[in-house]
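Below is one structure, written out as structure tokens; comments come after it.
The values are calculated or read from the model by the stated rules, or taken from the named source; none is laboratory data. What you see is a predicted model, and the numbers here were worked out from it, not measured in a lab. A quick note on method: Cβ atoms are made from the backbone with ideal geometry, for glycine too, and the neighbour counts reach across all protein chains shown.
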């Protein structure tokens, strides 16, 4: 068995666990669909100067991707806590290979889930450029891997305390969603936040992906290479941080038998 084959098999196995948790899929879908209907209508009354439904629906796709990516950390935490990771370490696959497999599985699961949301979004808000949506998919996959890296880092840090992991996850999710243009345009952010935080909001990968979805898929503007490059550059650091943190946790397990 080659290293690549082992990585793909482990990624496939981890990916199957995401879709076996039907309760999780149902909860995520119900939350995202309720946001699409309820939040869009309520916030639209607060910001009547824009078509908020058209603004918010593309962001739901990115929010769903974020939520699905964060589930990677839950699976990593369970594998470490329940001793499954020791079994993986006994397989003919390197520790970097295990890390790669989990990030690939996390990115793929998030992309599949967000694609299902995109299909729902196309029913209520027809796309202006389907080809633009297809071009965006590889970059959304890289973003999903970056978001999965965040969750992997959290799981590695809090692997021995489940309650800490979920607390960290909620804090990170709150910060990323609040400091983004998912819920409100950058013009509103500039009115109420200092310039430093405004820069953080603008550079947030969720902001970049949501705006790209609005502009290129649903508004039909020509795709700008710089926008796609910004998504890539904003996602890459989180992938690296997550990979390094998880790799360190695996090596600690190899050395000590546990973290």
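Quick notes on this structure:
- Test: residue 207 is free of Cβ contacts under 8 Å to residues at least 40 places away in the same chain, within 17 Å of the chain's Cα centre (by Cα) and not in a helix (DSSP H, G or I): no
- Counting only residues that are out of contact with any helix residue (DSSP H, G or I) (no Cβ under 7 Å at 6 or more places or on another chain) and part of a helix (DSSP H, G or I), the range 87-113 holds 2 of them.
- The set of residues in the range 125-136 being touching a helix residue (DSSP H, G or I) at 6+ places or on another chain (Cβ under 7 Å) and assigned to a helix (DSSP H, G or I) consists of 132, 133, 136.
A quick yes/no check of all residues on (1) over 24 Å from residue 9 (Cβ atoms); (2) buried (at least 19 other Cβ atoms within 10 Å of the Cβ); (3) over 14 Å from the mean Cα position of the chain (by Cα):
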residue	(1), (2), (3)
100	no, yes, yes
105	no, yes, no
112	no, no, no
131	yes, no, yes
136	yes, yes, yes
147	no, yes, no
150	yes, yes, no
154	yes, yes, no
175	yes, no, no
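- Look at (1) under 13 Å from the mean Cα position of the chain (by Cα); (2) crowded, with 20+ Cβ neighbours inside 10 Å; (3) more than 30 Å from residue 84 (Cα to Cα) and you find that residue 182 fails only one, number (1).
- For the range 177-204, the set of residues classified as under 21 Å from residue 136 (Cα atoms), in contact (Cβ under 8 Å) with a residue 60 or more places away in the chain and assigned to a helix (DSSP H, G or I) consists of 177 only.
- Sole exception among (1) part of a helix (DSSP H, G or I); (2) surrounded by fewer than 21 Cβ atoms within 10 Å (Cβ to Cβ); (3) over 14 Å from the mean Cα position of the chain (by Cα) for residue 221, by number: (1)
- Tally, over the range 210-220, of residues that are touching a residue at least 40 places away in the same chain (Cβ under 8 Å), in contact with a helix residue (DSSP H, G or I) (Cβ under 8 Å, 6 or more places away or on another chain) and farther than 16 Å from residue 173 by Cα: 7
- Among the residues of this structure, residue 38 does not count as one that is buried (at least 19 other Cβ atoms within 10 Å of the Cβ) and more than 30 Å from residue 5 (Cα to Cα).
- If you filter the range 49-86 down to residues that are without any contact (Cβ under 8 Å) to a residue 40 or more places away in the chain and assigned to a helix (DSSP H, G or I), you find that the one that is nearest to residue 182 (Cα to Cα) is 52.
- Flag if residue 247 is surrounded by 19 or more Cβ atoms within 10 Å (Cβ to Cβ) and either at pLDDT 85 or above or within 18 Å of residue 70 (Cβ to Cβ) (or both): no
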